[in-house]
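Asker: Structure below; questions to follow.
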Amino acid sequence: MIKVWGRLTSSNVQKVMWCIDELGVPHERIDIGGPFGGNKEPKYLAMNPNGLVPTLEEDGFLLWESNACVRYLSAKYGAGKLWPNDLRVRGDADRWMDWQLTTLAGPSTVIFWGLVRTKPEDRDMKAIEAAAKKLNELWTVVDKVLATRKFVAGDQLTIGDIPMGIAAYRWFNLPVQRDRHPNFEAWYGRLTERPAYKKNIMNPLV
Ligand SMILES: N[C@@H](CCC(=O)N[C@@H](CS)C(=O)NCC(=O)O)C(=O)O
């Protein structure tokens with residue numbers, strides 16, 4: 001039985017849980033981190049020395065780094081679905097996972113922490129506006145790709161959509177100035193119809 005250690009309000013835990021529910025893999029999730037605490041205790045640090053969530057546990061096998069967990073689960077349980085068999089499609093999907101971490105995560109974090117986890121009087125609105133401007137540019141890149149396909153790596157949901165889709169939920173549900181990106185908006189609309197996205201991602205941002 002797969003165990004996922006981590007609170008569902010974490011975007012990184014959400015990646016793993018969305019993936020698991022898309023694949024219909026039996027699992028258990030244990031709340032840890034954030035208000036639940038426990039992630040700096042020796043027992044947890046022995047599983048994940050970073051003291052961060054998520055950690056995946058499967059019959060004694062331990063894995064941390066959310067994107068690595070999504071890749072592992074998809075390769076094992078989602079071949080031909082979330083994990084494309086065609087190596088070029090898989091490379092394309094994989095690229096979007098890296099792009100989320102290296103490129104989208106920075107400005108997304110500025111906006112999320114600024115607007116959700118910082119008191120109004122302490123907010124750096126200039127930094128938040130600059131991050132929103134940067135994200136409008138970055139979503140333009142995605143919008144162009146989605147002009148010719150339903151999902152980021154083709155016409156089927158893949159590992160590439162998972163980290164990107166979580167960033168998109170935050171983008172569309174925080175009060176920022178959003179430029180029009182019709183293809184990106186249509187893709188987000190398609191994600192919101194998926195039961196696993198509804199259940200794991202479409203929750204209040206805290
Ligand atoms: N690169 C790691 C980052 C993990 C991470 O930063 N997790 C955050 C939540 S999104 C965390 O554990 N924060 C401390 C806490 O929740 O107490 C991953 O993708 O898994």
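Asker: With +1 on the Cβ of every Lys and Arg and -1 on the Cβ of every Asp and Glu, and nothing else charged, how large is the dipole of the range 87-200 about its Cα centre, in debye rounded to the nearest 20? Before the final figure, lay out the partial values.
Answerer: Working: 19 positive and 14 negative charges, 44 e Å.
That gives the range 87-200 a dipole magnitude of about 220 debye.
Asker: How much net charge surrounds Gly51 when only other residues with a Cβ under 13 Å from its Cβ are counted (Lys, Arg +1; Asp, Glu -1)?
Answerer: Taking every other residue near Gly51 into account, the sum is +1.
Asker: Gap in Å between the Cα centre of the range 1-44 and the Cα centre of the range 115-179?
Answerer: Cα centroid of the range 115-179 versus Cα centroid of the range 1-44: 23 Å apart.
Asker: Taking the Cα centre of the range 2-77 as origin, sum charge times position over the Cβ atoms of Lys and Arg (+1) and Asp and Glu (-1), and report the length of that vector in debye to the nearest 20.
Answerer: Using only the charged Cβ atoms, the result is roughly 160 debye.
Asker: What net charge is computed for the residues neighbouring Asn203, neighbours being all others with C-beta under 13 Å from the C-beta of Asn203, Lys and Arg scored +1, Asp and Glu -1? List each step's numbers first, then the result.
Answerer: Working: positive: Arg7, Arg170, Lys198, Lys199; negative: none.
Net of charged neighbours comes to +4.
Asker: Using a 1.4 Å probe over the heavy atoms of the protein chains, calculate the carbon and sulfur portion of the accessible area of the range 87-200 as a whole percent.
Answerer: 54 percent
Asker: Right, another one. When Lys and Arg each count +1 and Asp and Glu each count -1, what net charge do the other residues less than 13 Å away from Phe36, Cβ to Cβ, add up to? Mind showing how you got there, number by number?
Answerer: Numbers: positive: Arg7, Arg29, Lys40; negative: Asp31, Glu41.
Taking every Cβ under 13 Å from that of Phe36, the sum is +1.
Asker: Now, a different point. Classify the range 87-200 as rounded, prolate or oblate from the Cα gyration tensor: take a ≥ b ≥ c as the square roots of its eigenvalues, call it rounded if a/c is under 1.5, otherwise prolate when a/b beats b/c and oblate if not.
Answerer: Numbers: a/c = 1.93, a/b = 1.78, b/c = 1.09.
Prolate.
Asker: Would you mind computing, in nm to one decimal, how far apart the modelled labels at Arg117 and Ala105 are, each placed 7 Å from Cα along Cα→Cβ?
Answerer: Between Arg117 and Ala105, the label points sit 1.3 nm apart.
Asker: With a 1.4 Å probe and every protein chain left in place, work out the accessible area per residue of the chain in Å², rounded to a whole number.
Answerer: Each residue of the chain exposes 49 Å² on average to a 1.4 Å probe.
Asker: Using alpha-carbon pairs under 8 Å, 6+ residues apart, how would you state the relative contact order of the range 1-128 in percent? Provide the component values of the computation, followed by the final result.
Answerer: On the way: 134 pairs, mean separation 27.6, N = 128.
Taking the mean separation of contacting Cα pairs over the length of the range 1-128, I get 22 percent.
Asker: Could you compute Rg(Cα) / (2.2 N^0.38 Å) for the range 2-77, with N its residue count?
Answerer: Output field value: 0.99.
Asker: Let me ask something else. Based on the Cα coordinates of the range 35-142, what is the per residue volume of their convex hull in Å³? Write down the numbers at each step before the final one.
Answerer: On the way: hull volume 14.7 nm³, N = 108.
Enclosed volume per residue, from the Cα hull, is 136 Å³.
Asker: Next up: How big is the convex hull of the Cα atoms of the chain, per residue, in Å³?
Answerer: Cα-based convex hull of the chain, divided per residue, equals 117 Å³.
Asker: Taking the Cα centre of the chain as origin, work out the dipole magnitude from +1 charges on Lys and Arg Cβ and -1 charges on Asp and Glu Cβ, in debye rounded to 20.
Answerer: So the dipole magnitude of the chain works out to roughly 260 debye.
Asker: Another question, if that's okay. Between Glu28 and Lys133, what is the label-point separation in nm under the 7 Å Cα-to-beta-carbon projection?
Answerer: 5.1 nm
Asker: Ok, one more. Applying a 10 Å radius around every beta-carbon, put 149-161, 39-51 in order of their mean neighbour count, most first.
Answerer: Per-residue Cβ counts within 10 Å, averaged per peptide and sorted highest first, yield 149-161, 39-51.
Asker: Please identify the helices of the chain, taking whole runs of DSSP H, that span at least 27 Å along their own axis as judged from the Cα atoms and have a mean Kyte-Doolittle score of 0.0 or higher.
Answerer: 125-145
Asker: Using the beta-carbon distance between Arg95 and Ala186 and R0 = 25 Å, what value does 1/(1 + (r/R0)^6) give for FRET efficiency, to the nearest 0.05?
Answerer: Between Arg95 and Ala186 the formula returns 0.75.
Asker: Testing the spin-label approximation: label points 7 Å from Cα along Cα→Cβ at Glu58 and Arg178. State their distance in nm.
Answerer: That separation, rounded to one decimal, is 3.4 nm.
Asker: Ok, one more. Among the listed pairs Lys3/Lys81; Lys76/Lys199; Lys43/Lys81, which have their C-alpha atoms separated by more than 32 angstrom in this model?
Answerer: In this structure, Lys43/Lys81 lie more than 32 Å apart at Cα.
The values are calculated or read from the model by the stated rules, or taken from the named source; none is laboratory data. Quick caveat: nothing in here was measured; it's all calculated off a predicted structure. Counting neighbours? That spans all protein chains shown, and the Cβs are built from the backbone with ideal geometry, glycine included. Quick note on the areas: whole protein, heavy atoms, side chains included, nothing else; ligands and nucleic acids left out. Shrake-Rupley method; radii C 1.70, N 1.55, O 1.52, S 1.80 Å.
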